[in-house]
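Read the structure below first, then the notes.
The values are calculated or read from the model by the stated rules, or taken from the named source; none is laboratory data. The model shown is predicted, which means the values in this text are computed figures rather than measured ones. Note that each Cβ is placed from the backbone with ideal geometry, even for glycine, and that neighbours are counted across all protein chains shown. The area values use the complete protein model at the heavy-atom level, side chains included, leaving out ligands, DNA and RNA. Shrake-Rupley method; radii C 1.70, N 1.55, O 1.52, S 1.80 Å.
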Amino acid sequence: MKRLHQYLLIFFLALLTMACTEKQEQLKVEVYETSSSGNKLTPLADFASSENVPAINLNPEKKYQTITGFGGAFTESSAYLLNKMGKENRAKIIEAYFGESGAAYSLTRTHMNSCDFSLGQYSYASVEGDKDLQHFTIQEDKDDLIPFIKDALSVSKEGFNIFASPWTAPPWMKDNKDWVGGKLLPEYYDTWALFFSKYVDAYKAEGIDIWGFTVENEPLGNGNNWESMNYSPDEMTNFVMNHLGPKLEADGKGDLKILGYDQNREHLKEWVDSQFKNEETSKYFDGTAIHWYASTFDYFPKELQYAHHKAPNKLLIQSEACVDAEIPVWNDDEWYWKKEATDWGWTWAPEKDKYLHPKYAPVNRYARDIIGCLNNWVDGWVDWNMVLDKQGGPNWFKNWCIAPVIVDPNEDEVYFTPLYYVMAHFSKYLRPGAKVIEATSEDKELMLAAVQNLDDSIAVVIFNEGKQSKQFSLRLDGKSAEVEISAQAIQTIVITN
């Protein structure tokens, strides 16, 4: 009898040990979901268990690029609209983008001189022939742009980086004397390099630090529609190598980032081949900036891979993206999940490229592109305007677009589109300094990317474009958690243990 009691005791201890072991093998996860069914960064828990569900395997031992950040652009149009909103809604939008309770944007862009998302055309160097830029002034930015940036900085707990992009030099520095098209005259190369340096000083005097620049927005042009200035790859490399880089270095600004190119990915090869031809051409380039407008579905992984392998220690940053050539759909979340949006290429692309521009769902395009970029060496992803009105402006050229936040300043109303929540799925949880890690899924219909943050937490973003919910087992270091993602949904899963 005594021996039986001993056996029973051993048996119960074994059961207890097994239970404890099973408990230890559970991953501690926080799950947040945005879905076509109505979730908006909604916390989810208590998923049902099922047998033989596909696995998502995470491998932190295999690391890739370091995250620079996620965010959007400070434009005069967005800043102007915020100034027209009531104080409460203005603060609500800024908190939503930059506050700890919101998306906590970490990488941002702004424009030097005017762009199409300005109220009109202007330059900080408007005095013709002023080669020493003695009349340089950022006065135009002091009513709208600068207050927006300063208020964003005031609510951002960790701060954020800003890079600036010119759409054009002032017309008097160009061969065609126009805001649109043309090239920078060689006699003004040094003056234009000085312009960048003076811009940094002027913003510093306002309490705003500039992190870096792109050399020129869309150097291949924009169809001669709004502000633009053209470079060939070698012309841009020459300007950076012999003028901009040395000038910033001489002025004690050598730590500022210089990003080349700044246009669509299909032409990446010819630009990185020029920028990173050798040690001399590479010296002042910190990386390359890219846009997504070449296709509504293709994120050009081969081109991204090529750019990385050409310059593996350089940055690769998505600097602009938006739902273009569309007037915003107001207060209709469902539309953003439907394949009804069209872009510029739907109408204007050459016939041979039309297949790259089918109708698409805006949420799908954002989620697919960001995940695709993360899995192909891109380290930063920056949206375009943060705020636009119900027309998709203001835009002096009437180049209407959609922003994640749409406002009606006349009624003081705000609409956070599903695109805002998609951006937050990345920016809030994938923080600067994180390392992209290996993540594989047995369910090939799910797109995913994962990072390990500096605090050792792991964030996994999963996108289910399909019309059916899906279950999966998330696995890491011998532990697992069973999760379900809704149909047409994006999830961020944070693992803290």
For this session: Go through 390, 479, 398, 435 for me and flag whichever is without any contact (Cβ under 8 Å) to a residue 12 or more places away in the chain and not β-branched (Val, Ile, Thr).
Result: 398
Seminar exercise, completed: residue 99 passes all but one of the listed conditions (1) over 13 Å from residue 407 (Cβ atoms); (2) in contact (Cβ under 8 Å) with a residue 60 or more places away in the chain; (3) touching a helix residue (DSSP H, G or I) at 6+ places or on another chain (Cβ under 6 Å); the exception is number (2)
Problem set entry | 1 or more residues touching a Gly at 6+ places or on another chain (Cβ under 7 Å), within 30 Å of residue 349 (Cα to Cα) and open to solvent by less than 40 Å² (accessible area, probe 1.4 Å): qualifying helices (runs of 4 or more DSSP H) within the range 237-288 | 268-275
Exercise. Do any strands (runs of 3 or more DSSP E) lying entirely in the range 18-92 carry at least 2 residues that are open to solvent by less than 50 Å² (accessible area, probe 1.4 Å) and under 22 Å from residue 477 (Cβ atoms), and which ones are they?
Worked result: 29-35, 55-66
Exercise. Within the bounds of the range 297-314, is there any residue that is in contact with a strand residue (DSSP E or B) (Cβ under 8 Å, 6 or more places away or on another chain) and in a strand (DSSP E or B)?
Worked result: no
Problem set entry | Close pairs (6 angstrom Cβ cut-off, 6 or more residues apart or separate chains): of a type in the set (Lys, Arg) in the range 48-67, open to solvent by less than 50 Å² (accessible area, probe 1.4 Å) anywhere | 63/437
Exercise. Considering 199, 188, which residue is farther than 16 Å from residue 275 by Cβ, in a helix (DSSP H, G or I) and touching a residue at least 60 places away in the same chain (Cβ under 8 Å)?
Worked result: 199
Problem set entry | Selection count, the range 95-130, where residues are open to solvent by 10 Å² or more (accessible area, probe 1.4 Å) and touching an Asp or Glu at 6+ places or on another chain (Cβ under 8 Å) | 5
Exercise. Inside the range 227-260, can you point out the residues that are without any contact (Cβ under 8 Å) to a residue 24 or more places away in the chain and within 25 Å of the chain's Cα centre (by Cα)?
Worked result: 254, 255
For this session: Go through the residues of the range 401-410 one by one and say whether even a single one is open to solvent by 40 Å² or more (accessible area, probe 1.4 Å) and touching a residue at least 40 places away in the same chain (Cβ under 8 Å).
Result: no
For this session: Give the number of residues within the range 479-497 that are open to solvent by 30 Å² or more (accessible area, probe 1.4 Å) and modelled with pLDDT of 95 or more.
Result: 6
Exercise. Taking only pairs six or more apart or across chains, which ones have beta-carbon atoms under 8 Å, a first residue in the range 450-462 that is of a type in the set (S, T, N, Q), and a second residue that is outside any loop (DSSP other than H, G, I, E, B)?
Worked result: 452/60; 452/63; 452/435; 452/437; 452/458; 453/459; 457/494; 457/495
Seminar exercise, completed: Here the residues within the range 153-196 that are over 19 Å from residue 218 (Cβ atoms), in contact with a His (Cβ under 9 Å, 6 or more places away or on another chain) and open to solvent by less than 20 Å² (accessible area, probe 1.4 Å) are 193
